[in-house]
Structures are given as C-alpha cells and as structure tokens.
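**Q** To start, I am sharing the structure in question, which I have written as structure tokens.
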Amino acid sequence: MTTPEPTGAKVALVIGAGDATGGAIARRFAAGGYTACVTRRDAAKLEALVESIRAAGGTAHGYGSDARREEEVVALVERIEREVGPIEVLVFNIGANVPSSILEETARKYHKIWEMACFSGFLNAREVARRMVARGRGTILFTGATASLRGSAHFAAFAGAKAALRALAQSMARELGPKNIHVAHVVVDGAIDTEFIRTNFPERYASKADDGILGPEHIAENYWHLHAQPRDAWTFELDLRPWNERW
C-alpha cells in the first residue's frame, strides 16, 4: 500500500481490523471524520476494507503488523504519528477464540493465544497511551468477550487471556482517567454476523432475521458512543448481546 502524506488528521487506530467487527469500527470512525488506520498481520487482507472506506468518502490506510512483536508495535505507532497524525482513538480488537480441552492444550498454543488476546493489547495500549498522556487526551477501547467474565469448558486459554485483558483495561482506566484518557472495555457476548457463523452455525445464523445475532455495525456504533461520551459520565465497561442471548 502507498505511504500516506502527512496530514495532521485525527487518527483512529484499529488493531485487528477483520472483515466484521474491526472493519465496521474502522468505517464508523472514518464516517465520523477520523482517518482510519487499520492493521492485520497480512496487509493485503486490508485492501478491500481500505477501499470501501475511501469509496464512501472517508480516509483510511492499512498496515501489516504483528501486534505481538514489540519492535513492530513501536515502529507502527511512530510511523502513524509521524506520517498521518495524532492517534486520538485506539481500538484493540484481536480475538484468538480457539477452543481446546485442557487435557490436550499445548504450552505453545496456550502462550500464543495469550500473546494475541492479552500481551499484544498491552504493547499497543502502552505505546499509544504514552502519546495520549503527553497530549492530555485520548480514548482506548478494548474488545472483550463472554470469556472476559467466565471461563467455559474447552476455552481455558482464551478465558485466561481475555480475563487478563479486562484486568489490564481496569488498571489503565484507573491510572489514565485522571490524565483525561478514557479507557473502556466492551464485552461482546453472543454470535456476530460473520461468514464463520453463517457457515459453521447455520441454525444460529438463521436467528439473524429476528435480530438474534450481533450486527457489526451496531457494535461499532457503541464504540463511537463510548468515544463521544463527556468525561463526567464515562463508561468503563459496556456489555453487548442480542435479546435472546442467555446470560
């Protein structure tokens, strides 16, 4: 992808901008006047998203970056701040929802899931927070899951990582709130309207006709709302689920 010219525009950085939730969040912030900077390990997979934002009149840039590697995270944040503009919003949206029996889980896979769902959240949030604190403003939003609150059978690694990410968000909110940095955690509890759900859970996907699964655009609207909140009424944790979800 081409290197953008410096613009000084306000940036919304979405780490883990996939085809569903992350992409919808990027589109919502671009529609709100932000330059959407989106990342995945494979930059080529971002081309359709970037082009769709530009076609709608927004501004977007895609970056290939491994969110688990400190040197890549540092370089990414420095590049965006230098070439595009100040990062006003960070959205950490990496999932790593990989099931396995605890009896069969390997140390390597457990560690990789923790790296993706928790450690990379720390790396990206730390780097961006350093810039935000210096400017005295900013929003950091973490995507959580049902596993952030309770561990289901066969999801020990995912639950451990997501619970740790939630604790990271709490700690950051308490430290950075007085510095005018809004940190929030979003528990997304339920099936999302994705190709994965449509293909692998057709009966669950059929409930879409009755608003039974989460729409990515509706999730994104809540992220925008969190960012737009006045600081005398900041939300730390928001849980989103369809009406028919058991909780």
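**Q** Kindly check whether there is at least one residue in segment 97-104 that is closer than 29 Å to W234 by Cβ, surrounded by 21 or more Cβ atoms within 10 Å (Cβ to Cβ) and of a type outside the set (A, V, I, L, M).
**A** no
**Q** Could you grab me the full set of residues in segment 217-235 that are open to solvent by 20 Å² or more (accessible area, probe 1.4 Å), hydrophobic (A, V, I, L, M, F, W, C), in contact (Cβ under 8 Å) with a residue 24 or more places away in the chain and not in a loop (DSSP other than H, G, I, E, B)?
**A** Of everything in segment 217-235, just one residue is open to solvent by 20 Å² or more (accessible area, probe 1.4 Å), hydrophobic (A, V, I, L, M, F, W, C), in contact (Cβ under 8 Å) with a residue 24 or more places away in the chain and not in a loop (DSSP other than H, G, I, E, B), namely W224.
**Q** Just name the residue that is surrounded by the most Cβ atoms within 10 Å (Cβ to Cβ) out of those in segment 48-63 that are in a strand (DSSP E or B) and of a type outside the set (F, W, Y).
**A** A60
**Q** Out of everything in segment 15-47 that is of a type in the set (A, V, I, L, M), at pLDDT 95 or above and in a helix (DSSP H, G or I), what residue ends up being surrounded by the fewest Cβ atoms within 10 Å (Cβ to Cβ)?
**A** Checked segment 15-47; the qualifying residue surrounded by the fewest Cβ atoms within 10 Å (Cβ to Cβ) is A31.
**Q** Okay, next question. Just to confirm my filter: which helices (runs of 4 or more DSSP H) fall fully inside segment 99-216 and include at least 2 residues that are aliphatic (A, V, I, L, M)?
**A** Answer list for segment 99-216: 107-114, 120-135, 156-176.
**Q** Could you tell me whether segment 201-218 includes any residue that is within 30 Å of G136 (Cβ to Cβ), at pLDDT 95 or above and under 21 Å from the mean Cα position of the chain (by Cα)?
**A** Scanning segment 201-218, I find no residue that is within 30 Å of G136 (Cβ to Cβ), at pLDDT 95 or above and under 21 Å from the mean Cα position of the chain (by Cα), so the answer is no.
**Q** Any chance segment 149-156 includes a residue that's aliphatic (A, V, I, L, M), in contact (Cβ under 8 Å) with a residue 24 or more places away in the chain and within 23 Å of R68 (Cβ to Cβ)?
**A** yes
**Q** Here is a further query. Pick from G121, G85: which is buried (at least 23 other Cβ atoms within 10 Å of the Cβ) and modelled with pLDDT of 95 or more?
**A** After applying the criteria, what remains is G121.
**Q** Okay, moving on. Just one of A107, A134 is of a type in the set (A, V, I, L, M, F, W, C), surrounded by fewer than 20 Cβ atoms within 10 Å (Cβ to Cβ) and closer than 25 Å to A184 by Cβ; which is it?
**A** A134
**Q** Now for a separate question. Checking the conditions here, which among E175, E245, E221, E195 is acidic (D, E) and touching a Lys or Arg at 6+ places or on another chain (Cβ under 8 Å)?
**A** Going through E175, E245, E221, E195 in turn, just one is acidic (D, E) and touching a Lys or Arg at 6+ places or on another chain (Cβ under 8 Å): E221.
**Q** Could you please let me know if H185 is open to solvent by 20 Å² or more (accessible area, probe 1.4 Å), modelled with pLDDT of 95 or more, of a type outside the set (S, T, Y) and within 16 Å of the chain's Cα centre (by Cα)?
**A** So H185 does not fit the description; no.
The values are calculated or read from the model by the stated rules, or taken from the named source; none is laboratory data. Fair warning: this is a prediction, and the values are worked out from it, not measured in the lab. Positions of Cβ are generated from backbone atoms using ideal geometry, with glycine treated the same way; all protein chains shown enter the neighbour counts. Just so you know, the surface numbers come from the protein's heavy atoms only, side chains and all, with ligands and any DNA or RNA stripped out. Shrake-Rupley method; radii C 1.70, N 1.55, O 1.52, S 1.80 Å.
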